[in-house]
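Novice: First, the structure itself, so that you have it in front of you.
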Amino acid sequence: MTDLDQRITSVLREHAEGETDTHRLLRESRARGRRRQLRRRVAAGTALALVGVAGFAGVTGTDVSGLTGRLPWTAATPATAAPPVPPRADGVPGAAADPARVGTDPRVLHFGVDPAQARYLGWGVSNNQVESIRVETPAGRRITVEVARSEAALGGAGIEGFPVDLPRPAFDGGIQRVALGGGLSGYLTWFRPAAGLFVRASITGGDPLALTRGLEALRWDEARRCAAPVRLDALPADATVDSCRVDLSSYPGLVTAQLGVRGDREQHMAVWYRYAVQAGTNAKSNRTFGGRPAYVPPNGWTIDLVGVPKVELRATFDASGEGFTEADAGTLLAGARLAEDPTRLETWP
């Protein structure tokens, strides 16, 4: 572990039960950077003095060319493709004010991100336990943050699909480097921003400072809706929506979402949504649900809603007849409301 790693770990551990002093982390890292720059200036010239601020120029509003208000991901992006931000859940307290609410409502995220410091890549609430947000920093680093009311709910230790075998986390703010295979590495940290809250954050590549900088963007005093481009207005009897997941990693060309449904006998089914700007229109049908054409493959366990340009909407069911049935899945599709324009979050239902 380098001296910088030790400093970062030390500060995070000091504040594991309270607010992390990220400003101190930045002051120390920038001070070390300035000392290194002075040593190299004779050989490399004074241009290196810009390195300490260029990575986060978008946050301050001015980049190295002097242009204002242009974050790296928006500089060449049309206005219609502005990075989406989930809408606020008015009247709902954030995780800091009421930790007991975290993970209890699949429609609500009880924490958020400052969009001036990080771009939303996705969000979700899983099985009435874990709330998660994926973001990309102006430096291009992608970070996943998961929040729960218990340590056990954060038992999974994978990073971006890579399995990681680690000992039980201490939630003390320590940062651990892990090998992901194929020459890739990542960093994990576990901490508790407040009593009753457990957080796991991970990053692929980068360094410990990239992870701590990304965590500066978190906001624990706000709540936002787990907005999705599809909403289920009709459910089978005694069924509820228990999970919501949205992926905007390739927005605006691709938007995907998944809604999970649970029955009173622990039956489960899911609705999958996919919008692709280059997709066509599926017109093959052999069923109708609520006046909407659909297709069920022979001996299948899925139903596809058809006839919607560039959009795929699929519901699963239990073909054995022991769980949710084809009719139940058809109920979901018949009552599903779709976004008028998936690339404009304000049109989402």
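The values are calculated or read from the model by the stated rules, or taken from the named source; none is laboratory data. From a predicted model like this one, the values you see are computed outputs, not experimental measurements. Positions of Cβ are generated from backbone atoms using ideal geometry, with glycine treated the same way; all protein chains shown enter the neighbour counts. These accessible areas exclude ligands, DNA and RNA; they are computed on the full protein's heavy atoms, side chains included. Shrake-Rupley method; radii C 1.70, N 1.55, O 1.52, S 1.80 Å.
Novice: So in the stretch 208-264, with the set limited to residues that are free of Cβ contacts under 8 Å to residues at least 24 places away in the same chain and over 28 Å from ASP98 (Cβ atoms), which one is surrounded by the most Cβ atoms within 10 Å (Cβ to Cβ)?
Specialist: That would be THR256.
Novice: Quick one: in the stretch 157-203, which of the residues that are of a type in the set (Lys, Arg) and in a loop (DSSP other than H, G, I, E, B) is least open to solvent (accessible area, probe 1.4 Å)?
Specialist: ARG192
Novice: Here are ARG287, ARG292, ARG274, ARG337: which of them is surrounded by 15 or more Cβ atoms within 10 Å (Cβ to Cβ), charged (D, E, K, R) and under 25 Å from SER126 (Cβ atoms)?
Specialist: Only one candidate qualifies: ARG274.
Novice: Looking at the stretch 228-244, is at least one residue polar (S, T, N, Q) and more than 16 Å from the chain's Cα centre (by Cα)?
Specialist: yes
Novice: Give, as residue ranges, the strands (runs of 3 or more DSSP E) completely inside the stretch 257-298 that count at least 2 residues that are over 30 Å from GLN129 (Cα atoms).
Specialist: In the stretch 257-298, the matching strands (runs of 3 or more DSSP E) lie at 287-289, 292-295.
Novice: Is it true that LEU184 is at pLDDT below 95 and not aromatic (Phe, Trp, Tyr)?
Specialist: For LEU184, the condition - at pLDDT below 95 and not aromatic (Phe, Trp, Tyr) - is met.
Novice: I've got another one for you. For SER150, work out the one condition from (1) open to solvent by less than 30 Å² (accessible area, probe 1.4 Å); (2) polar (S, T, N, Q); (3) not in a strand (DSSP E or B) it doesn't fulfil.
Specialist: Result: SER150 passes all but (1).
Novice: Let me ask you something else. Taking ARG119 and the conditions (1) charged (D, E, K, R); (2) modelled with pLDDT under 95; (3) open to solvent by less than 40 Å² (accessible area, probe 1.4 Å), which numbered condition does it fall short on, given that it satisfies the others?
Specialist: (2)
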